[in-house]
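The values are calculated or read from the model by the stated rules, or taken from the named source; none is laboratory data. Since we're looking at a predicted model, the values are computed, not measured. Virtual Cβ from ideal backbone geometry, glycine too; neighbours counted across all protein chains shown. Each accessible area value is taken on the protein alone, full model and side chains, heavy atoms only, with ligands, DNA and RNA left out. Shrake-Rupley method; radii C 1.70, N 1.55, O 1.52, S 1.80 Å.
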Amino acid sequence: MAKKRILLKIGSNTLTKETNHISRGKIEDIGIQIAALNDDYEFVIVSSGAIAAAKQFVKLESKGKEIIVKQALASIGQPHLMRIFHENFKDLGLLTSQCLLSYSDFEKEQSKVNIVNTINVLIENNYIPIINENDTVATDEIQFGDNDKLAALTAVLLNVDILIIATNTNGIYTKASIHDAAPETILQVNDLALMAQEVGDSKSSHGTGGMQSKIEAAAIAKAANIETWIVNGLKDDFILNAIKNSIPFTKIV
């Protein structure tokens, strides 16, 4: 039986566990889950975190715009981020590869064919493609989205079964309960237009996404009949528990 394909989008806040450095423990947690699910699922990862990885040990001086400094930080941080993935995943018997994409790649037919062919070959040979935006040439996701849209476009292109967006909440909360001690998760969404009225636009500390960009990503996926799950990536075993439906998270169908 063919494996189900999951595109897992991990934002900076998940990767840092809301601290100022990349969490090797969180990357290991993700790797352990992927290894445990290997018989039934294949994974493609869209990962933010290059800028956060660089900020751990670099402070750049520049008279230019802040966005240019962030592009430079991404250039420094991306190899370090990949090294952390490689080291942690290798210990679990998992192989990794890097793919850097930009939005212009999704506008050219030949580029789209090349992306699909390359990623399919990697997966067939048991490599996990780890995708990030090519931040040195493109600034879209640095400024807004934290790779949410990139993840959705990639999910559609690769015809995945599920898009999992890891965030720092237990999915989308009802507007009425958002300030409560224990906010109530909306477990299933069928109508995204109604859903949009429930969603605030707060951003995370490292990320540039916020819940609005996740709804927009889910809309892209939904148009291609792909389910989106918005899951709390700060929790251990969040992928395993979402698949078992044993934690509260939002499923957009």
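Normalised per residue, the accessible area of the chain is 48 Å², obtained with a 1.4 Å probe and no contribution from ligands, DNA or RNA.
Each Cα pair under 8 Å and six or more residues apart adds its separation to the average, and for the chain the resulting relative contact order is 23 percent. Note that segment 161-173 has calculated 3J(HN,Hα) couplings of 8, 9, 9, 9, 9, 7, 9, 10, 10, 7, x, 9, 9 Hz, one per residue in order, obtained from phi through the Karplus relation 6.51 cos²θ - 1.76 cosθ + 1.60 (θ = phi - 60°); glycine and proline are x.
When the Cα gyration tensor is reduced to axis lengths a ≥ b ≥ c, the ratio a/c stays below 1.5 for the chain, which is therefore classed as rounded.
Is segment 1-121 best put as rounded, prolate or oblate by its Cα gyration tensor, with a ≥ b ≥ c the root eigenvalues, rounded for a/c under 1.5, and otherwise prolate when a/b is larger than b/c, oblate when not? Judged from the Cα gyration tensor, segment 1-121 comes out oblate (a/c at least 1.5, b/c at or above a/b).
Defining a contact as two alpha carbons under 8 Å apart and six or more residues distant in sequence, what relative contact order in percent does segment 33-129 show?
Numbers: 77 pairs, mean separation 28.6, N = 97.
It rounds to 30 percent for segment 33-129.
Surface composition of the chain: carbon and sulfur make up 49 percent of the accessible area, probe 1.4 Å.
Taking the Cβ of residue 95 as the centre, find all other residues whose Cβ is under 13 Å away and add up their charges (Lys, Arg: +1; Asp, Glu: -1). Let's see the in-between values first.
On the way: positive: 90; negative: 42, 87, 91, 124.
Result for the local shell: -3.
Helices assigned as whole DSSP H runs in the chain whose Cα atoms extend at least 24 Å along their own long axis and whose mean Kyte-Doolittle hydropathy is -1.0 or higher are found at 66-90. Reducing segment 82-152 and segment 7-30 to their Cα centroids gives an inter-centroid distance of 16 Å.
Of 173, 127, the residue with the largest accessible area leads and the full order is 127, 173 (1.4 Å probe).
In this Cβ point-charge picture (+1 for Lys and Arg, -1 for Asp and Glu), the chain has a dipole of about 360 debye about its Cα centre. I need the shape label for segment 52-134. Rule: rounded when a/c is under 1.5, else prolate if a/b > b/c, else oblate, with a, b, c from the alpha carbon gyration tensor. Oblate shape, in that a/c is at least 1.5 and b/c is the bigger or equal ratio.
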